[in-house]
Amino acid sequence: MDLSAINPILLIAALMSAATPILLAATGELVVEKAGILNLGVEGMMIIGAICGFAVAVESGSPVTGFVAAAAGGAVLSLLFALLTQLTLANQVASGLALTLFGLGLSALLGQGYVGVKPPSMPDISFGFLSDLPVIGPIIFGHDPVLYFGLMLVAAVWAVLRFTRAGLVLRAVGENHDAAHALGYKVIRVRTLAIMFGGACAGMGGAYISLIRVPQWTEGMTAGVGWIALALVVFASWKPWRVLLGAYLFGGITQLQLNLQGAGVAIPVEYLAMSPYLITIVVLVILSADKSAAPGSLGRPFHASG
Amino acid sequence: MIRLEKRPQPSRAFAWATPLLAVLATFFFGGLLFAVLGKDPIQSILTIFWQPLFGEFSFFYRPQLLIKGAPLVLIAIGLSLGFRAGIWNIGAEGQYIMGALFGAGVGLAFYPAESALIFPAMVLAGAFGGWIWAMIPAVLKVRFGTNEILVSLMLVYVAEQFLASMSLGLMKNPEGFGFPGSRNLQQYPSAHNAELITGSGMHWGVVFAMIAVIFAYVLLTRHRLGFAVRVTGEAPRAAKFSGVNPGRLILFCLGTSGMLAGLAGLFEVSGPSGQVTIDFNTGYGFTAIIVAFLGRLHPIGIVLAGLLMALTYIGGDIAQSQLGLPAAAIQVFQGMLLFFLLAFDLFTNYRLRTGRTEAA
């Protein structure tokens, strides 16, 4: 065992990258839940994003196009969820599960020709001499553009929810859809847009795994990250900055256990690989006492006739 | 202008017609999917749904229907109890794995002793394994109010890692020339869940699935506990007034579904699969969710839905070898079925009305 092989600076830099898929997906889901919808299909939308992004990036040679395609793929899949829950008023829990099961199958089908293919790589943003600074260089100035995009997304979501009219309407719809409807807001339209936003974010999160983290395509490669993102929204009590904190915490755990595996710690690999899931459970238990922050209409179906 | 009007009472006719409509719609759109993949849609559908039952080699495939259907029905029956009460056990896959590991562990511990008591002990251990794994989300929910969906699902991934660790470590066959995987329980008579009638596909798992169906039917229609389950799902407040203890109901529903999933895992590992291997679990725990919904959370419906899903597995295998249809296409097909089911369910609770919209 050689723990000195774990460089804390590189660990922090790597955990930011490990956290980005969770961060993107959880930020999207936060907006969805703020609108009063519980979409359990995050895992399905992520894996669809992972394959859409991967396939398009390989075919077009451009990772950026890949990410756009991933967002589109996730949004289109989430539209199915919107159709089920908003138009046909289906149970949200069951519809979300259906989305995940369907997404996992569809991604495997789409990804058949892409196993073992190497995607075009996305270069890190160059900050010139800043990237060469000790300590801060690799941590702050040594990443790919999508990682920075994730950070900006959190800031944007926070600002929109807090300071804009659109954010206020979204929160009103989530807190009390009947009251929002009575005020003349288009509950279903707002929610459908929120669901699509969540789908696009989850799709990009998935593509981050297949294009940057791994980078490769394998069936079921999201391996529960979507579910961890769902847990993270609860953890964050529906607050954007706490999503960021939570994502980095989970990213840190994921990265640390990978590094420990690499360093050859005496704990078997399987038990280290369990740790992110177990820690998610522990965190959920600690935080589940306080549900006061949850949007009032979360998970309840809305039909205008009342 | 078409609008929706809530029915005063859910339509019973539509409640039963929905699954059929969903199956038909899935045939249609599944056929389209197969056509897009460059396969003849009619032939694909026939290969999947006709050939296993009435084709040339149906004598070989029909027993498979019971072998694949039993775990699905066993798990789905348990899930349906919870789903009815609004208690969402999504982690049946994990409970299935733990049941198999506990059961196989007991069997392997006795190797090579022969006794008629070994298999019953394995059954108990399997049920216990699934039960204890489901008790984790149950106790956390009762004690701390933790979301059972997320916890039970996280435990699937934990169980998968545990399975990998067991099949590469503790349970690895010492005479297996270093290959991962346990001893084959099919070659250990005391632990083998053999066919009860040769060539029928009938094994103990099928018997237990039948018992579970009858048990669930009686429970739901004749027993106070079943009443509590139904009332909690339909009107939680009324349930509270009628003296239902929500905590106890959560423990019962999650515990029962875990136990049944554990049994399904045990019968699989000691019978059709025979071995603890890394890829032992094949997603029965997740497909059973579709089975439970397709069967309208009703015991009889679940049997029919379980057989239909088993058919898609078998037919999917045939289509894979004969037509080169990718394995994932069947998964998509199953997912589609659930989608259509949920969508058509609209007509159970709502009525379409055409005509002018009245002023609100």
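Filter segment B:9-39 for residues that are without any contact (Cβ under 8 Å) to a residue 40 or more places away in the chain and of a type outside the set (A, V, I, L, M, F, W, C) and give the result.
Correct list: B:Gln9, B:Arg12, B:Gly31, B:Gly38.
Whether any residue in segment B:69-84 is within 14 Å of another protein chain (Cβ to nearest Cβ) and surrounded by fewer than 23 Cβ atoms within 10 Å (Cβ to Cβ) is what I want to check.
yes
Determine whether segment B:328-343 contains at least one residue that is of a type in the set (Val, Ile, Thr) and at pLDDT 80 or above.
Quick first cut of segment B:328-343, residues of a type in the set (Val, Ile, Thr) only: B:330, B:332.
Then drop every residue that is not at pLDDT 80 or above, which leaves B:330, B:332.
Checked against the condition, which is being of a type in the set (Val, Ile, Thr) and at pLDDT 80 or above, segment B:328-343 yields at least one hit.
Which condition does B:Gly38 not pass, out of (1) of a type in the set (Gly, Ala, Ser); (2) surrounded by fewer than 18 Cβ atoms within 10 Å (Cβ to Cβ); (3) under 19 Å from B:Ala310 (Cα atoms), if it passes all the others?
(3)
Any residue that is part of a loop (DSSP other than H, G, I, E, B), surrounded by fewer than 22 Cβ atoms within 10 Å (Cβ to Cβ) and of a type outside the set (A, V, I, L, M) - is there at least one of those in segment A:226-238?
Yes; the residues of segment A:226-238 include at least one that is part of a loop (DSSP other than H, G, I, E, B), surrounded by fewer than 22 Cβ atoms within 10 Å (Cβ to Cβ) and of a type outside the set (A, V, I, L, M).
Do we have any residue at all in segment B:181-198 that's closer than 26 Å to B:Thr256 by Cα, within 14 Å of another protein chain (Cβ to nearest Cβ) and surrounded by 21 or more Cβ atoms within 10 Å (Cβ to Cβ)?
There is no residue in segment B:181-198 that is closer than 26 Å to B:Thr256 by Cα, within 14 Å of another protein chain (Cβ to nearest Cβ) and surrounded by 21 or more Cβ atoms within 10 Å (Cβ to Cβ).
Has segment B:200-223 got any residue that is of a type in the set (S, T, N, Q), touching a residue at least 12 places away in the same chain (Cβ under 8 Å) and surrounded by fewer than 24 Cβ atoms within 10 Å (Cβ to Cβ)? Steps first, please.
Looking only at segment B:200-223, we keep the residues that are of a type in the set (S, T, N, Q), and these are B:200, B:221.
With the extra rule that they be touching a residue at least 12 places away in the same chain (Cβ under 8 Å), the set shrinks to B:200.
When the remaining residues are screened for being surrounded by fewer than 24 Cβ atoms within 10 Å (Cβ to Cβ), the result is B:200.
Scanning segment B:200-223, I find at least one residue that is of a type in the set (S, T, N, Q), touching a residue at least 12 places away in the same chain (Cβ under 8 Å) and surrounded by fewer than 24 Cβ atoms within 10 Å (Cβ to Cβ), so the answer is yes.
Looking at segment B:108-123, is at least one residue touching a residue at least 60 places away in the same chain (Cβ under 8 Å), more than 13 Å from chain A (Cβ to nearest Cβ) and within 17 Å of B:Thr256 (Cβ to Cβ)? If you could, list the steps in order and put the result at the bottom.
Step one: list which residues in segment B:108-123 are touching a residue at least 60 places away in the same chain (Cβ under 8 Å), which gives B:108, B:110-116, B:118-119, B:122-123.
Now restrict to residues that are more than 13 Å from chain A (Cβ to nearest Cβ): B:108, B:110-116, B:118-119, B:122-123.
Subsequent filtering for residues that are within 17 Å of B:Thr256 (Cβ to Cβ) retains B:123.
Checked segment B:108-123: at least one residue is touching a residue at least 60 places away in the same chain (Cβ under 8 Å), more than 13 Å from chain A (Cβ to nearest Cβ) and within 17 Å of B:Thr256 (Cβ to Cβ).
If A:Ala273 meets every condition in (1) under 30 Å from A:Lys118 (Cβ atoms); (2) more than 10 Å from chain B (Cβ to nearest Cβ); (3) buried (at least 20 other Cβ atoms within 10 Å of the Cβ); (4) among the hydrophobic types (A, V, I, L, M, F, W, C) apart from one, which number is that one?
Status for A:Ala273: all satisfied but (2).
Which residue pairs have Cβ atoms closer than 6 Å, lie 6 or more positions apart in sequence or on different chains, and pair a first residue in segment B:163-175 that is at negative phi with a second residue that is acidic (Asp, Glu)?
B:Ala164/A:Glu270; B:Ser165/A:Glu270
Just a yes or no: is a residue in segment B:166-174 more than 14 Å from chain A (Cβ to nearest Cβ), in a loop (DSSP other than H, G, I, E, B) and more than 23 Å from the chain's Cα centre (by Cα)?
Going through segment B:166-174, the residues more than 14 Å from chain A (Cβ to nearest Cβ) turn out to be B:173-174.
After this cut, where a residue has to be in a loop (DSSP other than H, G, I, E, B) as well, the list is B:173-174.
With the extra rule that they be more than 23 Å from the chain's Cα centre (by Cα), the set shrinks to B:173-174.
Within segment B:166-174 (the criterion being more than 14 Å from chain A (Cβ to nearest Cβ), in a loop (DSSP other than H, G, I, E, B) and more than 23 Å from the chain's Cα centre (by Cα)), the answer is yes, since at least one residue qualifies.
What's the total number of residues in segment A:190-223 that are hydroxyl-bearing (Ser, Thr, Tyr) and surrounded by fewer than 24 Cβ atoms within 10 Å (Cβ to Cβ)? Break it down stepwise before answering.
Of segment A:190-223, the ones hydroxyl-bearing (Ser, Thr, Tyr) are A:192, A:208, A:210, A:218, A:222.
Checking the rest, the ones that are also surrounded by fewer than 24 Cβ atoms within 10 Å (Cβ to Cβ) come to A:192, A:218.
Residues meeting the conditions: 2.
Answer with yes or no whether B:Phe252 is within 12 Å of the chain's Cα centre (by Cα) and closer than 30 Å to B:Arg143 by Cα.
Values: within 12 Å of the chain's Cα centre (by Cα): no; closer than 30 Å to B:Arg143 by Cα: yes.
No: the conditions fail for B:Phe252.
What number of residues within segment B:281-320 are free of Cβ contacts under 8 Å to residues at least 24 places away in the same chain and in contact with a helix residue (DSSP H, G or I) (Cβ under 6 Å, 6 or more places away or on another chain)?
1
Restricted to segment A:235-250, and to residues that are within 14 Å of chain B (Cβ to nearest Cβ) and free of Cβ contacts under 8 Å to residues at least 60 places away in the same chain, which residue is farthest from B:Ser152 (Cα to Cα)?
Among residues in segment A:235-250 that are within 14 Å of chain B (Cβ to nearest Cβ) and free of Cβ contacts under 8 Å to residues at least 60 places away in the same chain, the one farthest from B:Ser152 (Cα to Cα) is A:Ser237.
Which of the residues spanning segment A:81-129 are of a type in the set (Gly, Ala, Ser) and surrounded by fewer than 17 Cβ atoms within 10 Å (Cβ to Cβ)?
Initial filter on segment A:81-129 (of a type in the set (Gly, Ala, Ser)): A:82, A:90, A:94-96, A:98, A:103, A:105, A:107-108, A:111, A:113, A:116, A:121, A:126, A:128.
Within segment A:81-129, A:Gly113, A:Gly116, A:Ser121, A:Ser126, A:Gly128 qualify.
Which residue, of B:Gly99, B:Gly94, B:Gly126, is within 12 Å of another protein chain (Cβ to nearest Cβ), under 18 Å from B:Ser273 (Cα atoms) and at pLDDT 90 or above?
Values: B:Gly99 fails: within 12 Å of another protein chain (Cβ to nearest Cβ); B:Gly126 fails: within 12 Å of another protein chain (Cβ to nearest Cβ).
Criteria check complete, one pass: B:Gly94.
More than 25 Å from B:Ser11 (Cα to Cα) and away from chain A (no Cβ under 13 Å): does that describe B:Leu304? Write out each step before concluding.
On the way: more than 25 Å from B:Ser11 (Cα to Cα): no; away from chain A (no Cβ under 13 Å): yes.
No: the conditions fail for B:Leu304.
Among the listed residues A:Ser95, A:Ser17, A:Ser62, which satisfies the condition of being in contact (Cβ under 8 Å) with a residue 40 or more places away in the chain and within 14 Å of chain B (Cβ to nearest Cβ)?
Values: A:Ser17 fails: within 14 Å of chain B (Cβ to nearest Cβ); A:Ser62 fails: within 14 Å of chain B (Cβ to nearest Cβ).
Result of the check over A:Ser95, A:Ser17, A:Ser62: A:Ser95.
Output the residues belonging to segment A:188-231 that are more than 30 Å from A:Gly252 (Cβ to Cβ) and within 14 Å of another protein chain (Cβ to nearest Cβ).
A:Ile188
Out of the helices (runs of 4 or more DSSP H) lying entirely within segment B:299-360, which hold 3 or more residues that are buried (at least 20 other Cβ atoms within 10 Å of the Cβ)? Break it down stepwise before answering.
Working: elements: B:299-323, B:327-344, B:346-349.
Counting at least 3 such residues, we get B:299-323, B:327-344.
The values are calculated or read from the model by the stated rules, or taken from the named source; none is laboratory data. Quantities reported herein were computed from a predicted structural model and do not represent experimental measurements. Note that we place each Cβ from the backbone using ideal geometry, even for glycine, and neighbour counts take in every protein chain shown.
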